[in-house]
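Working notes for the structure below.
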Amino acid sequence: MYALAVALIAAGGGGGLLAFQATGERSPVLAVAHEVQAGDVIQDSDLIEASVSLDPALKPILASQRDQVVGKRAAVALVPGALLSKGQVTTRTLVKAGERLVGIGLKQTQMPATRLSPGDKVLVVSTPSDGSQATTGEGGESGEESTPKSIEARVVRVGEKQQNTSEQVVDVAVPAQYGPALAAQAATGDVALVVDAPGGA
């Protein structure tokens, strides 16, 4: 009986060791090496390998799938040091069919202080330097106050603030027919950005 008890204890200990080894097993997965903006193409240099114990709640991309990730786009902004998951990678461009991408250089006074994020709905408002916002009103009389011209847009990317000019380039997607006109207006610097409230049109 004594020998049987010793054998059972030994067997139980061995099983616990195997269980510990199984739960402590580490797997190579992909992590982010450099910051990648939402919509940008993921380069091989943007990725590093990390060895972690896989948790069933996590769904990281395995290191063996690296070739399947490189060349695709980031669906969200990728932060250095974070594990890469399948939901953060997409094959779709953030500019949809029927849209054009326009880059707008903005200073602090031309945009809200609230941080912009890809997907935010905004209005790009024309602000002529001569202040001419008046249009012909009812009855043909001119000079009446009117709403400045604006174009509905969607933020695609927010660039880094330039140290020397404090200017920040914001890429927006607009209906294709407004792309050329907005680009010309943006080149003059006479624009401002207004952020729509959540759920706004």
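Give the number of residues within the stretch 30-41 that are in a loop (DSSP other than H, G, I, E, B), closer than 22 Å to D120 by Cβ and either without any contact (Cβ under 8 Å) to a residue 60 or more places away in the chain or not aliphatic (A, V, I, L, M) (or both).
To start, the set of residues in the stretch 30-41 that are in a loop (DSSP other than H, G, I, E, B) comprises 33-35, 37-40.
From what's left, closer than 22 Å to D120 by Cβ: 35, 37-40.
From what is left, the residues that are either without any contact (Cβ under 8 Å) to a residue 60 or more places away in the chain or not aliphatic (A, V, I, L, M) (or both) are 35, 37, 39-40.
Residues flagged as in a loop (DSSP other than H, G, I, E, B), closer than 22 Å to D120 by Cβ and either without any contact (Cβ under 8 Å) to a residue 60 or more places away in the chain or not aliphatic (A, V, I, L, M) (or both) within the stretch 30-41 amount to 4.
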So, in the stretch 95-121, how many residues would count as being hydrophobic (A, V, I, L, M, F, W, C) and open to solvent by 50 Å² or more (accessible area, probe 1.4 Å)?
3
Subset of the stretch 72-90, residues touching a strand residue (DSSP E or B) at 6+ places or on another chain (Cβ under 7 Å), farther than 17 Å from V155 by Cα and open to solvent by 50 Å² or more (accessible area, probe 1.4 Å), comes to K72, V79, P80, G81, L83
Selected residue (criterion: farthest from the chain's Cα centre (by Cα)) from residues of the stretch 155-201 that are of a type in the set (D, E, K, R) and crowded, with 17+ Cβ neighbours inside 10 Å
D171
Are there any pairs with C-beta distances below 7 angstrom linking a residue in the stretch 57-74 that is closer than 14 Å to Q43 by Cα to a residue that is loosely packed, with under 15 Cβ neighbours inside 10 Å and of a type in the set (G, A, S), with the two at least 6 apart or on different chains, and if so which?
none
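Inside the stretch 156-184, can you point out the residues that are part of a strand (DSSP E or B) and modelled with pLDDT under 90? So that I can check it myself, show each step before the final result.
Pass one, the stretch 156-184, residues part of a strand (DSSP E or B): 156-158, 168-175.
Scanning the stretch 156-184 gives V156, R157, V158.
Mind listing whichever residues of the stretch 109-142 are part of a strand (DSSP E or B) and at pLDDT 85 or above? Walk me through how you get there before you give the answer.
Within the stretch 109-142, the subset part of a strand (DSSP E or B) is 121-126, 135.
Scanning the stretch 109-142 gives K121, V122, L123, V124, V125, S126.
The values are calculated or read from the model by the stated rules, or taken from the named source; none is laboratory data. Quantities reported herein were computed from a predicted structural model and do not represent experimental measurements. Cβ atoms come from the backbone with ideal geometry, glycine included; neighbour counts cover every protein chain shown. Calculation scope for accessible area: heavy atoms of the full protein, side chains included, ligands and nucleic acids excluded. Shrake-Rupley method; radii C 1.70, N 1.55, O 1.52, S 1.80 Å.
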